[in-house]
Amino acid sequence: MVTTSSLLEQAVLEYLASDPHFFDDLVKSPIFNPQKRPPAAAFATIEEEPPESVDPRPRIWDPNARVVPIDFVRLDAENRRLGELGEEFVYVIDMPCVL
């Protein structure tokens, strides 16, 4: 089955095959090879105020309420993965500043 994404992929691959030096200028650009360290933003300029607190709705007990089972193992695994991705993100962002 031919999809739009497969057609796009095919067109991009054909274009890149026709111009093998397409990425040469990009690789040499200052984005990938910075000559100097970018200035660090002051924390005060990027700090945001916390959002307004929202009062939760009062809970009303309902004897017919359906109990939803919670898979704590899956939830823990998802949270751990989210934490790892966050640490990886910070590492990637901070590495140019360390070098």
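You will find that of Pro51, Pro30, Pro58, the residue that is out of contact with any Leu (no Cβ under 9 Å at 6 or more places or on another chain) and closer than 30 Å to Pro96 by Cα is Pro30 and no other. Cβ-Cβ distances below 8 Å connect no pair with a first residue in the range 60-86 that is aliphatic (A, V, I, L, M), a second residue that is surrounded by 10 or more Cβ atoms within 10 Å (Cβ to Cβ), and a separation of six or more residues or different chains.
Selection of helices (runs of 4 or more DSSP H) fully inside the chain by the criterion of at least 1 residues being surrounded by 10 or more Cβ atoms within 10 Å (Cβ to Cβ) and aromatic (Phe, Trp, Tyr) returns 4-18, 72-98. Every residue in the range 62-99 that is farther than 30 Å from Phe32 by Cα and of a type in the set (Asp, Glu), please. Answer for the range 62-99, where residues must be farther than 30 Å from Phe32 by Cα and of a type in the set (Asp, Glu): Asp62, Asp71, Asp76, Glu78.
Computed from the coordinates by the stated procedures, all read-outs in this text should not be read as laboratory data. Everything numeric in this text was worked out from a predicted model, so none of it was measured. Heads up, the Cβs are rebuilt from the backbone with ideal geometry, glycines too, and the neighbour counts pull from every protein chain shown.
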